Amino acid sequence: MSGSHFGKLFSVTTFGESHGPSLGAIVDGCPPGLPLEAADLQQDLDRRRPGQSRHTSQRHEADRVEILSGVYEGVTTGTPIGLVIANTDARPGDYRELAQILRPGHGDYPYLMKYGHRDYRGGGRASARETAMRVAAGAIARKYLALEFGIGIVGWLDGIGSLRFAGRPPRVRPDNDFFAPEEEWLAPIAELIESLRREGDSVGARVGVVAYGVPVGWGDPVFDKLDATLAHALMSIGAVKGVEIGDGFKAAFQRGSEHRDAITPDGFRTNHAGGILAGISTGQAICAYLAFKPTSSIRLPIASVGTDGQPREVLVKGRHDPCVGIRGVPVAEAMVALTLMDHALRQRGQNGAVTPPMRPVPGSIGPDEE
């Protein structure tokens, strides 16, 4: 299938279906000499893994990743890194009754019309299960970025339902079931999720991601702007319907005197631009926000049609997330890491010998740190 490849110099190709035997990825372009073992990838996979609490999908997958190639004696060799994760709790039979019915809000209809055939077992490639390989590949990029540049990437649940985080983005990844940045959020979110389960409904979410320590100068002008490739990467996550960089859509209602970020010898005073100007990193924290739609697989019935064009009523059973945005946090982090890694290699390849004519302006300021 076309469209399963991401990146230019640091690239990832994924394969596998939600209820097939396994998922896999080929990561190409990783520099040699990076210390790497499966445990480096596993810690991020465990954050995304389903079935860890009653608040997410009850599909119980170990998501144990195996490195098949590209690593020898504990370091990367510069050759393609092969990764695989076995599907150990697949239940394709749960979807048999949906084989001839189109689920509203899913990719069933456009997939069928595009390819003339579809994998109805949990959506096949359109399933959120596919993101496990993004997280595994992103963990490789994350480790390289941390070791070589000191870059840290932090994602968090920025809003769900009527709850909205109004504080500064965290500098340490939240360690709780909801990736919530504040402890007082936990009980209200749990209550919301339980009420959704009782009602058979779902809810959307807003996820934030910030990258600290990105050097000035990354990104290519015009079509491959850093913010453009970030938006591409984040919009490629299933269920994401909107991406903002920095102030995002708020900029449409601001004045120029409010939005522009003043520069002083001591650094930037604000970060409305989200750490990117003219498609190139400024050295400030890079911040992005994602809007996840509500999960479409819910118990409430809805009108649809069958593949014969006749009217049907759809009621989806099975194991699904009341809010897919919660487990989308580590996926968003992974896509930011993959994007930055690709641009790091592009910068080294084209401009590695460039000597900037001035010292970098201090740029550690994060979003909302005014």
With a Förster distance of 30 angstrom and the Cβ-Cβ distance between ARG312 and ARG198, calculated FRET efficiency to the nearest 0.05 equals 0.70
Can you sort SER297, SER202 by how many other beta carbons sit within 10 Å, fewest first? SER297, SER202
Provide the three semi-axes, in whole Å and in decreasing order, of the ellipsoid equivalent to the chain as defined by the square roots of 5 times the Cα gyration tensor eigenvalues. 35, 25, 19
Kindly provide the GluC sites (Glu not before Pro) of the range 63-163 that DSSP labels as loop, not H, G, I, E or B, and whose Cβ sees at most 12 other Cβ atoms within 10 Å. GLU73
Run the quick spin-label model on GLN350 and GLU97: label points 7 Å from Cα toward the beta carbon, then report their separation in nm to one decimal. 5.5
What dipole magnitude, in Debye to the nearest 20, does the chain give about its Cα centre under +1 on Lys/Arg Cβ and -1 on Asp/Glu Cβ? 660
Less than 20 Å from a label point 7 Å out along the Cα-to-Cβ axis of LEU112: which backbone N atoms in the range 299-342 qualify, by residue? 299-318
From Cα pairs below 8 angstrom and at least 6 apart in sequence, can you work out the relative contact order of the chain, rounded to a whole percent? 21
With the crude spin-label approximation of a point 7 Å out along Cα→Cβ, what separation in nm comes out for SER236 versus THR79? 2.5
Net lengthening on full extension, LEU186/THR264 (0.36 nm per residue, minus Cα-Cα): 24.1 nm
Sort GLU194, GLU313 by Cβ crowding within 10 Å, fewest neighbours at the top. GLU313, GLU194
At a Cα cut-off below 16 Å, give the lysines reachable from LYS250, other chains included and same-chain residues fewer than 8 away excluded. none
Contour minus Cα-Cα span, ARG164 to ASN176, at 0.36 nm per residue, comes to 2.6 nm
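Laboratory data are not the source of any read-out in this text; all were calculated from the coordinates shown. Quantities reported herein were computed from a predicted structural model and do not represent experimental measurements. Note that each Cβ is placed from the backbone with ideal geometry, even for glycine, and that neighbours are counted across all protein chains shown.
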